[in-house]
Amino acid sequence: MLFLASFVFAQNFRAGLQFGTNMESTEGYAFTLGAHADSAILPSKGLFAGAQMDFSVDSVTWSSNPSVYLEWILPCRLFNTMSPFVKGNLGMFVLHEKADDLLLMSGLLASVSAGLNFEFNDTFYIEPALSFGYPFMWSFSVGAGWHFGTSKNAAKNKVAEETVTE
């Protein structure tokens, strides 16, 4: 609860939605939809800590996947709007059978992702990513959301200005 409350008072936080596909299914591919929110730990370095909730569904099962994550947007810019990022998730998964809403299994969720962060006007971002982990083997997702407060680039510019004035 304290972690979620920190987003309200954070000087720099982001929130958004993601969708994609993964192999977390007894039938093969599953569709994924979720929401995420994070706060900058080190805005000038592009390091964010956050929480996300994903739901995966296929023709036989559905699962809920709450997790926390660290995301590092690397300090190199490509074409002035995109930066590569890496992300690590740790959480749990709960797999249900659709027909009887029977709990099939639950356990640890762990993944590593890599992707690109596209920023538009320092307020809106899109992040396509490829992930590998357990229980889903691989996943491809696209997240999109908004910056609230100071954006990563504005924070970097502020640090640069302070360095020049000293």
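The values are calculated or read from the model by the stated rules, or taken from the named source; none is laboratory data. Bear in mind that the values here come from a model prediction, so they are computed numbers and not experimental data. A quick note on method: Cβ atoms are made from the backbone with ideal geometry, for glycine too, and the neighbour counts reach across all protein chains shown. Heads up: the accessible areas ignore ligands, DNA and RNA and are worked out on the full protein's heavy atoms, side chains in. Shrake-Rupley method; radii C 1.70, N 1.55, O 1.52, S 1.80 Å.
Taken over segment 120-140, the residue count meeting the criterion of being farther than 13 Å from Asp54 by Cβ and open to solvent by less than 30 Å² (accessible area, probe 1.4 Å) is 2.
Every residue, every condition in (1) open to solvent by 50 Å² or more (accessible area, probe 1.4 Å); (2) assigned to a strand (DSSP E or B); (3) more than 26 Å from Pro135 (Cα to Cα); (4) touching a residue at least 40 places away in the same chain (Cβ under 8 Å), yes or no:
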position	(1), (2), (3), (4)
Ala51	no, yes, no, yes
Phe55	yes, yes, no, no
Asn65	no, yes, no, yes
Cys76	yes, no, yes, no
Ser83	no, yes, yes, no
Gly88	no, yes, no, no
Met92	yes, yes, no, no
Leu95	no, yes, no, yes
Asp100	yes, no, no, no
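Going through (1) at negative phi; (2) open to solvent by less than 20 Å² (accessible area, probe 1.4 Å); (3) touching a Phe, Trp or Tyr at 6+ places or on another chain (Cβ under 8 Å) one by one, Gly46 falls short only on (1). Has segment 142-153 got any residue that is assigned to a helix (DSSP H, G or I) and either closer than 20 Å to Ala15 by Cα or modelled with pLDDT of 80 or more (or both)? Within segment 142-153 (the criterion being assigned to a helix (DSSP H, G or I) and either closer than 20 Å to Ala15 by Cα or modelled with pLDDT of 80 or more (or both)), the answer is yes, since at least one residue qualifies.
Considering segment 56-69 alone, what residues qualify as being among the aromatic types (Phe, Trp, Tyr) and modelled with pLDDT of 95 or more? Within segment 56-69, Tyr69 is the sole residue that qualifies.
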